[in-house]
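Have a look at the structure below before the remarks.
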Amino acid sequence: MPTGRNAEPRKVTLVDGGPVLLEGPVELEMPDGTVARSDRFMVALCACRRSKRYPFCDTSHRKRVRN
């Protein structure tokens, strides 16, 4: 994985009402210091905090009833 000033930028896509999509692989440092890793080529991060797999999205945002 490239790092530093010469690294290619990673693409991040914000999905309206859905997850944040990141080009992988990714390594996420959580607030408690633990590290979550994914080697997938595209990673969906939960933006609604409903996921049982948080910080990764499990599509729980789709279950929300909108009025």
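Observations on the model:
- Positive-end ranking of H61, V15, P31 along the dipole of the chain, with charges on Cβ about the Cα centre, is headed by H61.
- Multiplying the residue separation of E29 and F41 by 0.36 nm and subtracting their alpha-carbon distance yields 2.5 nm.
- Percent accessible area from carbon and sulfur atoms, the chain, protein chains only, probe 1.4 Å: 49
- With a simple spin-label model that places each label point 7 Å from the Cα along the Cα-to-Cβ direction, the separation between T13 and Y54 comes to 2.5 nm.
The values are calculated or read from the model by the stated rules, or taken from the named source; none is laboratory data. Because the structure is a prediction, the values reported are computed rather than measured. Glycine gets a Cβ as well: all are built from the backbone with ideal geometry, and neighbour counts include every protein chain shown. Quick note on the areas: whole protein, heavy atoms, side chains included, nothing else; ligands and nucleic acids left out. Shrake-Rupley method; radii C 1.70, N 1.55, O 1.52, S 1.80 Å.
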